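The values are calculated or read from the model by the stated rules, or taken from the named source; none is laboratory data. Not measured: the values here are computed from a predicted model. No Cβ is skipped: glycine too gets one built from the backbone with ideal geometry, and neighbour counts run over all protein chains shown.
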């Protein structure tokens, strides 16, 4: 009988992303600031600092979503139901008062992150998807844990944590799987997939730097 070679295993792009970024993801989740926040060692104003930094980043990322909406590749990921800006503005008003816009400042790390978003997300679909993936998939996953702990620790109720509430998505688990399937189905060449993974790692590094820049208790 003739010997046949085993067919090569096909690795899903979404699985390759998860494997390549796992350590970076874990490092971000276990930053000192995040550990202090979730342990209740920070006051509400320090929690508001995180909300403010998110606001600066999402303002650019969601501007990019509007630009990418008509792109053949990027447009597939520009889900309007993910939009966070209105929720962030409402959270900041709850936490800092109606004059919140004059009370927030981007840290140097957030400024660097925003500059990267500006440079990569408006004319490179793969770069847009890389940053989009890191932020929104994180919000839909670990962000839900953060929401529950923060609400309980700081007695916030829904006010102040709307950022983590995706009320236009009925099933978060199903949405995340749909997102992964879209990553797998998009016909990126192997070289572009490598570039996207590299940019995802950059995004994690920048996000971790933002958390580190907020300091510890």
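For the reader, a short list of remarks on this structure follows.
- Output for the range 66-77, where each listed residue is in contact (Cβ under 8 Å) with a residue 12 or more places away in the chain, assigned to a helix (DSSP H, G or I) and surrounded by fewer than 21 Cβ atoms within 10 Å (Cβ to Cβ): 66, 67, 76
- Flag for residue 52 being in a helix (DSSP H, G or I) and either modelled with pLDDT of 95 or more or over 18 Å from the mean Cα position of the chain (by Cα) (or both): yes
- Among the candidates 201, 214, the residue that is under 18 Å from the mean Cα position of the chain (by Cα), crowded, with 16+ Cβ neighbours inside 10 Å and within 21 Å of residue 132 (Cβ to Cβ) is uniquely 201.
- Of the residues screened, residue 86 is one that is within 24 Å of residue 155 (Cβ to Cβ) and assigned to a helix (DSSP H, G or I).
- Residue pairs meeting the criteria (Cβ under 6 Å; at least 6 apart or on separate chains; first farther than 20 Å from residue 65 by Cβ, in the range 122-149; second outside any helix (DSSP H, G or I)): 147/161
- Unique residue being crowded, with 19+ Cβ neighbours inside 10 Å and over 30 Å from residue 184 (Cα atoms) when the list is 61, 88: 88
- Of the helices (runs of 4 or more DSSP H) contained entirely in the range 98-184, those carrying at least 3 residues that are under 19 Å from residue 31 (Cβ atoms) and touching a helix residue (DSSP H, G or I) at 6+ places or on another chain (Cβ under 7 Å) fall at 108-120, 142-154.
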